[in-house]
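To start, the structure itself, in structure tokens.
The values are calculated or read from the model by the stated rules, or taken from the named source; none is laboratory data. Just so you know, these numbers come straight off a predicted model, no measurement behind them. Here the Cβ is made from the backbone with ideal geometry for all residues, glycine too, and neighbour counts use every protein chain on show. Note: areas computed on protein heavy atoms with side chains; ligands, DNA, RNA excluded. Shrake-Rupley method; radii C 1.70, N 1.55, O 1.52, S 1.80 Å.
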Amino acid sequence: MYRNYLKIQFFLVLSAGFWAVSSVASIDPFTADQGPIVVGPGEIVSEEDGTLQTASVLGGFRVTVPVVSEEASGGASATIEVAGGEWLCDLDFPVVDPQESVGGCSTGYFRSVGPYFDFSSVDSIDIDILEVTGQPGLTALAVDASENSAQYINMSPTTGTLSVERSAFTQMPGEAVDWSNIDAIVFSTANQDGASARVRLGGISTTGSIGSGDQGPPPELPDDELADTASGTYYNPERDGEGCMLTREGDQATFLLTCYLYQAGAPAWIIGTGTLENGMIEFDDTVVTGGTGYGDNFDPEAVERLPFGEVRMSFDDCNHAEISLQPQIAGFVDFALPVERLVPVACQDGVPAPDTSVRIGSWFNPERDGEGFHLTSEGDGGLHLLTFYTYLDGEQLWLIGTSDSAGDTLVFDDMVITEGTGFGPEFDPEAVERTPFGTITMSFDDCNNAVISVEADLPGFPDLITPVERIIQGDCQP
């Protein structure tokens, strides 16, 4: 979103923004300080420097960006600062060049998450202009949920309160703006004739209240940001008892997916790897296994691996996705399901604590290839979820449990075995049977090596102690 904003605000500067819900009449009183931010010719402000989260503004955060064209002469600068209830844009262009010396400042308010802004009861947007020096232009741009936009341009603003009625906005190419569902609103100022200019504002408000429009979609995340937050356990709340665990492995590129499911009443699981591209991961090597036993009866040479089919995971954001399964194996049918994270996270906050995030992933003993453990870190990293994928009498078996332990030893003392329902449309959450299994303890030597101790309370499951390592290892330094 921030990258798109940079492109649009530069267009506004050259032609003279956008995007957060509030029921109050204030858009920004400029009481939350930001900056000063200074750029020279062609310089770009980082997202960290340009964005400020504050409850005092429309939508909860303000994006503030100064810009100077690459062709401007050396020494040219644009400075933007918010302090003490005032917004300042100072455009310093020592060499006047009407064709090349272009600069300006933009400040935008975005829906981000939640409902769109409803401006249908707003009679005017009121801008308190404290100072105008030189000949700056002042613009406002409103963009609705369908990306239709309308713009207001004032080439000769003066001090005082500028009341801009909605009817003063000029419709941009496209359909008429839906003022009841505004996605973003941006205010910009730019120099004219390549000269220096200065504008100070004392606040932006409305005559008439800003309400809540339709519920908008969650914001899209670039792949690099989504990759940092996608790892976790996903399920459908209406289908409690099944789910999928997704982790970015140690190489920071491979994602491993395991889904714990059922077939004809018995537990079943699939596993596969893929890479994230355009908000989607395709797992084209997914397999279903069988053929061996539990504990001392496990024989890696007896493990049977059958291609399962196509599995895709398409993300709306780091908390919501759709998992699509197209099996090519008997007993399973095509199925697609919306899922959400078991413990939602703030997508913009990135990974949990580094000492926790470096340990998540798929673990196994190379001498017992064909069974393994999948570890995720949920929420802020304080909760872990572990699934043990193994076998009993030739058939698949999975155990699942949670731990809120900390440090180098995680204790999962609520491991359960589940069974009793079917796959896809045959799944019935009321039919899921949960049987307490016992405790699994995971003790880490480092982020790539650990020892797992399995202590079963159920008969027929002898205790198991095994060294394990991450299938795809990584750097242990946070």
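Taking the charge dipole of the chain about its Cα centre, with +1 at Lys and Arg Cβ atoms and -1 at Asp and Glu Cβ atoms, the residue from PRO157, ILE44, GLN252 reaching farthest to the positive side is PRO157. Directionally averaged projected area (region 150-227, Cα convex hull): 8.9 nm².
Around ASP123, with a cut-off of 10 angstrom between Cβ atoms, what is the net charge of the other residues, counting Lys and Arg +1 and Asp and Glu -1?
Numbers: positive: ARG166; negative: ASP126, GLU165.
Local charge sum for ASP123: -1.
What you get for the chain, charging only the Cβ of Lys and Arg (+1) and of Asp and Glu (-1), is a dipole of about 1400 debye around the Cα centre.
The base-10 log of I(q)/I(0) for region 53-133, evaluated at q = 0.18, 0.23, 0.24 Å⁻¹, reads -0.91, -1.14, -1.18 [Debye formula, identical scatterers on Cα atoms, solvent excluded]. With all protein chains present, how much of the accessible area of region 59-196 (probe radius 1.4 Å) comes from carbon and sulfur, to the nearest whole percent? It is 45 percent, rounded to a whole number.
Placing +1 on each Lys and Arg Cβ and -1 on each Asp and Glu Cβ, with no other charges, gives region 46-109 a dipole about its Cα centre of roughly 320 debye. Each Cα pair under 8 Å and six or more residues apart adds its sequence gap; the mean of these over the residue count of region 27-70 is a relative contact order of 45 percent. Principal axis analysis of the Cα atoms in region 378-478 yields extents of 45, 31, 24 Å, listed in decreasing size. Once the dipole of region 394-478 is set up with Lys and Arg at +1 and Asp and Glu at -1 on Cβ about the Cα centre, which of GLY401, ILE417, PRO467 lies farthest towards its positive end? About the Cα centre, the residue reaching furthest to the positive side is PRO467. Normalised by residue count, the chain yields a Cα convex hull volume of 163 Å³ per residue.
Give me the mean projected area, in nm² to one decimal, of the convex hull enclosing the Cα positions of region 326-412. Each step should come with its number before you reach the end.
Working: hull surface 32.7 nm².
Result: 8.2 nm².
Calculate the dipole size of region 321-404 relative to its Cα centre from +1 charges on Lys and Arg beta carbons and -1 charges on Asp and Glu beta carbons; express the result in debye to the nearest 20.
Working: 3 positive and 13 negative charges, 14 e Å.
Computed charge dipole of region 321-404: roughly 60 debye.
Given a 1.4 angstrom probe, what's the average accessible area per residue across region 163-289, in square angstrom?
Values: 4900 Å² over 127 residues.
I get 39 Å² per residue for region 163-289.
Think of region 289-422 as having a plus end and a minus end, set by charges on the Cβ of Lys, Arg, Asp and Glu; of VAL333, PHE364, VAL303, VAL333 sits farthest toward the positive end of this dipole.
Annotation note: trypsin sites (Lys or Arg not before Pro) in region 159-259 located in DSSP loop regions with a Cβ neighbour count of at most 16 within 10 Å are absent.
Karplus-based coupling profile of region 289-302, in residue order and whole Hz: 10, x, x, 9, x, 9, x, 5, 8, 6, 10, x, 6, 8, with θ = phi - 60° in 6.51 cos²θ - 1.76 cosθ + 1.60 and x standing for Gly or Pro.
Using all pairs of distinct alpha-carbon atoms, the Kirkwood hydrodynamic radius of region 112-201 works out to 14.0 angstrom.
Its DSSP H runs of at least 4 residues, each contributing -39,500 (n - 2.57), put the calculated 222 nm mean residue ellipticity of the chain at -1500 deg cm²/dmol, to the nearest 500. At a Förster radius of 35 Å, what calculated FRET efficiency corresponds to the Cβ-Cβ distance of GLU430 and SER405, to the nearest 0.05? Step by step, r from the Cβ atoms, then E = 0.65.
Based on the Cβ-Cβ distance of ALA25 and GLU165, what FRET efficiency does E = 1/(1 + (r/R0)^6) give at R0 = 22 Å, to the nearest 0.05? Once the sixth-power term is evaluated, E becomes 0.90.
Taking Cα atoms of region 175-274, Rg/Rh with Kirkwood Rh, to two decimals?
Numbers: Rg = 24.4 Å, Rh = 19.7 Å.
Over the Cα atoms of region 175-274, Rg/Rh equals 1.24.
DSSP loop (so not H, G, I, E, B), at most 16 other Cβ within 10 Å: list which GluC sites (Glu not before Pro) in region 167-243 pass both filters. Show your work: numbers first, answer last.
Numbers: sites: GLU175, GLU220, GLU225, GLU238, GLU242; in loops: GLU175, GLU220.
Answer in residue order: GLU175, GLU220.
When the accessible area of region 324-367 is computed with all protein chains present and a 1.4 Å probe, what percentage of it is carbon and sulfur?
Values: 1200 of 2200 Å².
Carbon and sulfur together cover 54 percent of it.
For region 267-280, putting each phi into the Karplus relation 6.51 cos²θ - 1.76 cosθ + 1.60 with θ = phi - 60° gives couplings of x, 9, 8, 10, 8, x, 10, x, 10, 7, 8, 6, x, 9 Hz, in residue order, rounded to whole numbers and with x for Gly and Pro. Residues LEU458, LEU385, ordered by accessible area of protein heavy atoms at a 1.4 angstrom probe radius and largest first, appear as LEU458, LEU385. Distance from the C-alpha centroid of region 302-321 to that of region 373-387: 19 Å, rounded to the whole angstrom.
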